[in-house]
Amino acid sequence: MNTVSADPKGVDSGPHFMDGDQAIAEGALAAGCRFFAGYPITPSTETAERFAERAPEVGALFIQMEDELASIAALIGAAWGGRKAMTVTCGPGFSLMVENIGLAAMTETPLVIANVQRGGPSTGLPTLTAQQDMMQARYGSHGDYAIIAMSPDSPQECFDVAVEAFNLSEFYRVPVIILSDETVGHMHEKVVIPPADQIQVVPRNNYSGPKADFRPYKFDGQGGHPMTQCGDGYHFHITGLTHDERGYPVMTAEQSKIVITHLMEKIRSNADQIIRLDEDQIDGADVVVVSYGITSRIAVKAIQDARREGIKVGSLRLITIWPFCEKRIRELTGKVKAFVVPEINYGQMVLEVERCAAGKSKVISVNHCGGAVHDPEVILDAIRKANQ
Amino acid sequence: MFFNNLKQLHGTVYINDIWCKGCGFCVQFCPTNVLDISPEFNAKGYHPPYAKNPEKCHDCQYCQMICPEFSIFVTKDDEIAKGEAEK
Amino acid sequence: MTTDIGKFKHDSPMSGVLRMERMPHIWCPGCGIGSEVNAFAEAIKRSGIDHNKLVVVSGIGCTGRVAGYVDFDSIHTTHGRAIPVATGIKLANPELTVVVFSGEGDLVGIGGNHLIHAARRNMDIVVICNNNFTYGMTGGQVTPTTPTSAITSTTPYGNYEYPFSLPLLADAAGATYIARWTSVNVRNITQSMEEALVHKGFSFIEIISPCTTLYLRRNRLGDGVDMLQYYQENTVLKHGCDTRETAIDFQGKIVVGKFVDKAKPTYLEAVDKCAVRLVGDDYQLYGKTIPEREAEEKAEKERVAARRAVVLAAEQAASEKAAVKAVKKVATKAPVKKVAAKKPAAKKPAVKAAAKKASATAVARKSAVKVVAKKAPATAAAKKTRK
């Protein structure tokens, strides 16, 4: 993954006091995103507003489309028009976007979607937090495909994750979804934006060789293949239909096997390079708390109290949600008595932990039906129970 | 004719009877009835056109423009003698 | 009866426009889309647009396959989303000429919301809408433009809805170039497309065309030729006609022509104006200031004009050369088999019927060719519609 330092035009270096949504916009600008198409939806509109304010001075283009469908369609167009592109939305908007997320995955188009989750389902709790869209992020669109999803737990990490999301989406040419939530999105904290030369950015990798040899795709289960942009004279063709490496439709079972295997393995076989975890005192722990996003910050209180009670508890925070850290969980299974998985939903990521623990370690899920964050006591009780 | 040196253009029709689906557009809308439906079948079982009166083709290219199968095109010929003879 | 495919592909004027390796295409016999693509190719050649700066975006449906067949940068999007994808491309690289080529089901049915908003914004793209009154790819269902009382697979007892008039819809939404033709008026389509390709702002061209296999068959309207003849006899040319009078009734008159052609600042021009007010003259979009972009645009305009001049000059020279050189070339290579001599028919329809009868008689057993006397109802064709 070759990287260059960020374009200073988009980097507003120095300390700031901003909320998570605005930090996502700043991260995008720092990563070189110069095209934003979005649609207002609580609690994510602040990202769009920030981008709209900053666009003229950065030389980026902001457009508010007529709906979320149009927003992501415009992103796909802008990506193949040569721009790094992103949008921000929330549950209902994300649901409208899933068909074109599938198109972006199938056509291997790099783009970033921030999903600032709120209480669901349906209109649910528009102004209150939740983490109920984790599985939708992975399996939202129809068909087999793979995406990358990350979950920041603070405005500072919103900035860092946004930069990383663009780098991953450019290298693997895949939609990357930032699964923030209302609390992180609306929480104001200190955000330090480093100087441009300290931000490593993956530039757009456009093909420049002879026209005859250009193939928009290479089905080898790897990332890093060059793409192209309209206007470069390669007369490329891309389609949502199952296609060959030239991008021409080939609607056969054999070709589908080739394409789907590539789309899945491109992410799955490179999971080790993609996944980023934040671990604390995992070695020798009896209980490991697996958490992500805002819940992980609530869990810190419970973990501190538990340690005071003498319980050996470690914390495994998922920064990368998808692909799931199967290997790490399997490594810990058997060594630890139990995993405690607090999340603001009715149990989603816990299913992945259970799958990987395969009964060899207890898995205790600490569910929450959204609208607020956990009470640390509840998590502490779960840790105590896990320790018996 | 009072068009002094204006000559009647002439064209040669090239037909791709493999792609033709026998829709009959070219035959029907050729202004000078150059084409006619051939009694032959092509591989797909359609009747492609053939140039029944090729000399009447004035290179208007309407058949080329209307053919939905991109299966017919016309090239311009050099046509002085015939024009002279008519005068 | 064998054509040398390689030679034909090479010599065909469409070789620079079509992805020849993907021919023959999937459209049905007598479908109008091919004629529109011919007109599109001719319009591009005459307009002088740089082939490398042209992008064609299509949605899903029969017409959606156009993107796959034309040899430009092309994207085949999800159903109804061609226009927003085109918007994204145009805004990402304003130098490009972006053309949306799709059907009325895709553009006005599922994608209607995007059509009216792109028109409202006067987005600088060209939308070519092939209106064949049916969803062809999925077997011929009713669309938002299907005339009332027409039979389709989802209105088996006649359509009871009120259709859109597309020019009226586009005009009401704010499009600044609107034209409608039928697929028989290929020259007019070419001219409209030429104008639309260089028009600054939202251009909308509706082309009425036959869907032989589904719409015409289910409504007993004959075949492609019958429909094209119907167009010849029932189109009313009214340039600048008020778009409120452009409704189409089942088998009624069709008003064609260029209805709207006006100038209005495009979306990007509005963005630039606002940004300059904020940031001042050194405002840059994607790292280029407005003077730089305008200079590039002017240079491109000159190149386009130069190419256009070359094309027109070439045509002029060719016709003069034709008048000078003497050699008379012998006609085509298609086999001319002696067919039973028949009386040259007087009226055009009679010619077609006679031609069909001639080929039918030449073939001993009853061939697939449907013997249809003009204006007479369908003869022995099976009544049961094909599922």
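Here are some notes:
- Residue list for the range A:155-172, filter: open to solvent by 10 Å² or more (accessible area, probe 1.4 Å) and either in contact with an Asp or Glu (Cβ under 6 Å, 6 or more places away or on another chain) or of a type in the set (V, I, T) (or both): A:V163
- Count - residues of the range C:72-125 that are assigned to a loop (DSSP other than H, G, I, E, B) and β-branched (V, I, T): 3
- Residues located in the range A:6-39, provided they are open to solvent by 30 Å² or more (accessible area, probe 1.4 Å) and either closer than 21 Å to C:A275 by Cβ or outside the structural domain of A:G120 (by TED's automatic domain parsing) (or both): A:D7, A:P8, A:K9, A:D12, A:Q22
- Residue among C:V126, C:V98, C:V108, C:V70 that alone is touching a Pro at 6+ places or on another chain (Cβ under 7 Å), in the same structural domain as C:A263 (by TED's automatic domain parsing) and either at pLDDT 95 or above or surrounded by 24 or more Cβ atoms within 10 Å (Cβ to Cβ) (or both): C:V108
- Identity of the residue in the range C:3-18, at the interface with chain B (Cβ under 7 Å from one of its Cβ atoms) and open to solvent by less than 50 Å² (accessible area, probe 1.4 Å), that ends up farthest from C:S102 (Cα to Cα): C:T3
- Residues of the range B:54-63 that are assigned to a helix (DSSP H, G or I) and either farther than 11 Å from C:A39 by Cα or in contact with a Ser or Thr (Cβ under 9 Å, 6 or more places away or on another chain) (or both): B:P54, B:E55, B:K56, B:C63.
- Some residue of the range C:97-115 being without any contact (Cβ under 8 Å) to a residue 12 or more places away in the chain, at the interface with another protein chain (Cβ under 8 Å from one of its Cβ atoms) and farther than 19 Å from C:M14 by Cβ: yes
- Residues that are touching a residue at least 24 places away in the same chain (Cβ under 8 Å), of a type in the set (A, V, I, L, M) and either farther than 22 Å from C:L197 by Cα or open to solvent by less than 40 Å² (accessible area, probe 1.4 Å) (or both), drawn from the range C:260-309: C:V260, C:L268, C:L285, C:V304
- Evaluation of C:I151 against the conditions (1) open to solvent by 30 Å² or more (accessible area, probe 1.4 Å); (2) under 17 Å from C:C28 (Cβ atoms) shows that the sole unmet condition is (2).
Every residue, every condition in (1) assigned by TED's automatic domain parsing to the domain that holds A:A79; (2) surrounded by 15 or more Cβ atoms within 10 Å (Cβ to Cβ); (3) in a helix (DSSP H, G or I); (4) at pLDDT below 95, yes or no:
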site: A:P216; (1), (2), (3), (4): no, yes, no, no
site: A:Q255; (1), (2), (3), (4): no, yes, yes, no
site: A:V259; (1), (2), (3), (4): no, yes, yes, no
site: A:Q273; (1), (2), (3), (4): no, no, yes, no
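This table checks each residue for (1) open to solvent by 10 Å² or more (accessible area, probe 1.4 Å); (2) over 16 Å from the mean Cα position of the chain (by Cα).
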position: C:M20; (1), (2): yes, yes
position: C:C31; (1), (2): yes, no
position: C:F40; (1), (2): no, no
position: C:K45; (1), (2): yes, no
position: C:V57; (1), (2): no, no
position: C:R65; (1), (2): yes, no
position: C:L91; (1), (2): no, yes
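- The one condition in (1) farther than 23 Å from A:M264 by Cβ; (2) touching a strand residue (DSSP E or B) at 6+ places or on another chain (Cβ under 8 Å); (3) of a type in the set (F, W, Y) that A:W322 fails to fulfil: (1)
- Lone unmet requirement of (1) at the interface with chain C (Cβ under 7 Å from one of its Cβ atoms); (2) surrounded by fewer than 16 Cβ atoms within 10 Å (Cβ to Cβ) for A:H235: (2)
- If you go through the range B:1-50 and pick out every residue that is within 7 Å of another protein chain (Cβ to nearest Cβ), farther than 22 Å from C:V186 by Cα and either without any contact (Cβ under 8 Å) to a residue 12 or more places away in the chain or touching a Leu at 6+ places or on another chain (Cβ under 6 Å) (or both), you end up with 3.
- Check on A:D144, open to solvent by less than 40 Å² (accessible area, probe 1.4 Å), more than 10 Å from the chain's Cα centre (by Cα) and not basic (K, R): no
- Qualifying residue in the range A:152-174 (condition: part of a strand (DSSP E or B), closer than 25 Å to A:G120 by Cβ, touching a residue at least 12 places away in the same chain (Cβ under 8 Å) and in contact with a strand residue (DSSP E or B) (Cβ under 8 Å, 6 or more places away or on another chain)): no
- Subset tally (residues that are more than 10 Å from chain C (Cβ to nearest Cβ), in a helix (DSSP H, G or I) and surrounded by fewer than 20 Cβ atoms within 10 Å (Cβ to Cβ)) for the range A:55-102: 4
Condition check ((1) at pLDDT 95 or above; (2) touching a Ser or Thr at 6+ places or on another chain (Cβ under 7 Å); (3) within 14 Å of chain C (Cβ to nearest Cβ)) across all residues:
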{"residue": "A:T242", "(1), (2), (3)": "yes, yes, yes"}
{"residue": "A:T252", "(1), (2), (3)": "yes, no, no"}
{"residue": "A:L263", "(1), (2), (3)": "yes, no, no"}
{"residue": "A:K266", "(1), (2), (3)": "yes, no, no"}
{"residue": "A:N270", "(1), (2), (3)": "yes, no, no"}
{"residue": "A:D280", "(1), (2), (3)": "yes, yes, no"}
{"residue": "A:V287", "(1), (2), (3)": "yes, no, no"}
{"residue": "A:T295", "(1), (2), (3)": "yes, no, no"}
{"residue": "A:I298", "(1), (2), (3)": "yes, no, no"}
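- Condition check for C:G34 on (1) within 12 Å of chain B (Cβ to nearest Cβ); (2) not in a helix (DSSP H, G or I): one failure, at (2).
The values are calculated or read from the model by the stated rules, or taken from the named source; none is laboratory data. Since we're looking at a predicted model, the values are computed, not measured. Using ideal geometry, Cβ is built from the backbone for each residue, glycine included, and neighbour counts are taken over all protein chains shown. Heads up: the accessible areas ignore ligands, DNA and RNA and are worked out on the full protein's heavy atoms, side chains in. Shrake-Rupley method; radii C 1.70, N 1.55, O 1.52, S 1.80 Å.
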